[in-house]
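Reading through the structure tokens given below for one structure.
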Amino acid sequence: MKTLPIYDTEQTQDEIKIQYLFASVGQKTIIKVIEYSPVTTIGTRTVYNLGFGDYDETNSAIIDDSNSNNGDIYIVFNTVLSTVPIFFETNPDAVIIVSGSDSHDDFINNCLPNCRKKCIEKCKNHQRRIKTYRYYVDKNFDELCKDFIFFGRNKNKQSSFVQYIPNQDYDDILVYKKK
């Protein structure tokens, strides 16, 4: 794949999670954080959630439900994706799970009172983040499959993960690094 523009990241790590911090430079400068935190195990493999959002320096926390609209979405998204191979370099037996913070049912209930899109029948913001990741995987599937194995889960259709098939709806994506 061709090299895409990304921001420089600074890695921090403690016993539990790995974070990559960077500055989103658009209409304003916003500190962003990409976080890999363990959530469960599959067999002997640790599953890490890929979290992303604005960095709240006061609480050392991720604000993963905000939309910064800073004018640099592609560079930000490319930066998030650029950390996946770096993460797997030091954690080759790990598994990454990708979900959207806007995929939970309570997202709709929290979104509707302040909805700017005037949604009536269906929330247009629901699952927007996971759709972005799915679009990227679908578009680059053949190239990505040289290094990674993907599984998807649609919570409405099945409770377990199945082999990822491009252009299907999935609420969660599991990513394994090929050996």
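The values are calculated or read from the model by the stated rules, or taken from the named source; none is laboratory data. Note that the structure is a prediction, hence the values are computed from the model and not measured. Here the Cβ is made from the backbone with ideal geometry for all residues, glycine too, and neighbour counts use every protein chain on show. Only protein heavy atoms, including side chains, enter the accessible area calculation; ligands, DNA and RNA are left aside. Shrake-Rupley method; radii C 1.70, N 1.55, O 1.52, S 1.80 Å.
For segment 47-69, a tally of residues being surrounded by fewer than 14 Cβ atoms within 10 Å (Cβ to Cβ) and farther than 16 Å from Gly100 by Cβ returns 7.
For segment 31-75, the candidate set comprises residues that are touching a strand residue (DSSP E or B) at 6+ places or on another chain (Cβ under 8 Å) and of a type in the set (S, T, N, Q); within that set, the residue that is nearest to Arg129 (Cα to Cα) is Ser66. Highlighted here are the helices (runs of 4 or more DSSP H) found entirely within segment 71-179 that include at least 2 residues which are surrounded by 12 or more Cβ atoms within 10 Å (Cβ to Cβ) and at pLDDT below 90: 105-111, 128-139. Looking across segment 1-30, the residues that are assigned to a loop (DSSP other than H, G, I, E, B), open to solvent by 50 Å² or more (accessible area, probe 1.4 Å) and out of contact with any strand residue (DSSP E or B) (no Cβ under 9 Å at 6 or more places or on another chain) come down to Met1, Lys2, Thr3, Leu4, Pro5, Asp14, Glu15, Gln27, Lys28.
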